[in-house]
Amino acid sequence: MSKIEIRNHPKYNDVFISGPQEKLKLYTKNAVVGKRIYGERLVSHRGTEYREWDPYRSKIAALILENPITNFLAENLKCLYLGASSGTSISHLSDIMTTGIIYGVEFAERSMRQLIQNSSDRTNIIPILGDARFPEEYAKYIFTDIDLIYQDVAQPHQAEIALSNSNYYLKNNGLLIIAIKSQSIDSLQKSEQIYEQEKKILEKAGYAIIESINIHKYAANHIILVVKKSN
Ligand SMILES: C[S@@+](CC[C@H](N)C(=O)[O-])C[C@H]1O[C@@H](n2cnc3c(N)ncnc32)[C@H](O)[C@@H]1O
C-alpha cells in the first residue's frame, strides 16, 4: 500500500485529494477496508484507508475535477443511480453517502451479478435488476424519497429516460445529474448539436439546467448536465 499525503477536498465533504492542483488525485474513504472494486489503488494515511477515484473510469470523478459550482454530494442522500454497471462509481458514492441509500438500477444481467458481489458488504447500496426506460417497474424496491438521480446509461433517448425517472421519483428541488454521451444518441450528428437537443428536451419539461460541464478530457463525447426539478 502506498504512503501519500491525503487532505480534505475544499468543497466536498468525504471526498479527499492529494497532489498539486494541476495533477489532483481524488479519493474516498474505503467503507470496506482492504477491498478493491475495479483495481483502484488503496492508500493508507494516518490510520485510514482511502480508494483512489479514477476520473477515466468514473464520470462523477471527472465532474468533480472539472469544478462544478453545485455541491451535489452529502452523506445522507437518497440517490437513484441509473446505469450502475458493475459498481465502479456507485462504490465511491457508497463511501461518501454513509448514512444514505443508493438504489442502483442496471439491466445487463452480467453487470448486475458483479454489482451484487461488489456491494455485498455495502449496506447502503440496493442493486435493482431493471430497465431505466420503465421506472414504474422498480417502484416496489424504492422505499424512500429520492434527493438525487444520477444517470449514465449510454443509450438513445437519454433525456427522456432521465425525465421519466425524475417525474416519477425525484422530490421537488431534487437534483438530476446526467452524463450525456452524444455517440449513443447519434454518431453522425455533431456532439454540440446533440447536447443542445437534450438540454431543450429537459427545459421544455420544466427542468432548469444549472450547469453543463464538458468532460471530454476524461470521457470522449460526454458532457454532464446538472439539472434541477422545481415544478
Ligand atoms: C457507461 S456504463 C455505466 C458505468 C457506471 N455508471 C460507472 O461509472 O460505474 C452504462 C451502463 O448502463 C446500462 N444501461 C444501459 N441502458 C440501460 C437501461 N435502459 N436500464 C438500465 N441500465 C442500462 C448498461 O448495461 C451499462 O452497464
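Bear in mind these aren't lab numbers, they're just calculated from the coordinates by the rules spelled out. Model, not experiment: these values are computed from the prediction. No Cβ is skipped: glycine too gets one built from the backbone with ideal geometry, and neighbour counts run over all protein chains shown.
Divide the volume of the convex hull around the Cα atoms of segment 2-53 by the residue count and you get 84 Å³ per residue.
Dividing the convex hull volume of the alpha carbon atoms of segment 133-231 by its residue count gives 91 Å³ per residue.
One quarter of the surface of the convex hull around the alpha-carbon atoms of segment 56-207 equals 9.0 nm², the direction-averaged projected area. Here segment 81-231 is assigned +1 on the Cβ of each Lys and Arg and -1 on the Cβ of each Asp and Glu. Its dipole about the Cα centre then comes out at about 120 debye. Build a GNM of the chain with springs between Cα atoms under 10 Å apart, and of Ala61, Ala159, Ala220 the one that fluctuates most is Ala220. Between the amide H of Ile125 and those of Ile102, distances stay under 5 Å, these residues lying 5 or more places away or on another chain, with hydrogens modeled in the peptide plane. Of all the options His45, His157, His92, the one that moves most in a Gaussian network model of the chain with Cα springs shorter than 10 angstrom is His45. Note that segment 5-16 has calculated 3J(HN,Hα) couplings of 7, 10, 9, 5, 5, x, 10, 9, 4, 6, 10, 10 Hz, one per residue in order, obtained from phi through the Karplus relation 6.51 cos²θ - 1.76 cosθ + 1.60 (θ = phi - 60°); glycine and proline are x.
Across segment 166-192, the residues whose backbone nitrogen lies under 18 Å from the label position 7 Å along the beta-carbon direction of Glu137 are 166-169. Relative to the longest principal axis of the Cα atoms of the chain, the long axis of helix 158-169 lies at roughly 80 degrees.
Note on segment 22-82 and segment 183-231: Cα centroid distance 23 Å, given to the nearest whole angstrom. Mean residue ellipticity at 222 nm, helices only, the chain: -7000 deg cm²/dmol; runs of at least 4 DSSP H residues each add -39,500 (n - 2.57), and the sum is divided by the number of residues.
Protection proxy ranking for 222-229, 135-142, using the average of other Cβ atoms within 10 Å per residue and placing the highest first: 222-229, 135-142. Annotation: extensible slack from Leu42 through His216 equals 60.0 nm (criterion: 0.36 nm per residue apart, minus Cα-Cα distance).
Comparing Ser187, Ser44, Ser85 in a Gaussian network model of the chain (Cα springs below 10 Å), the most mobile by mean-square fluctuation is Ser187.
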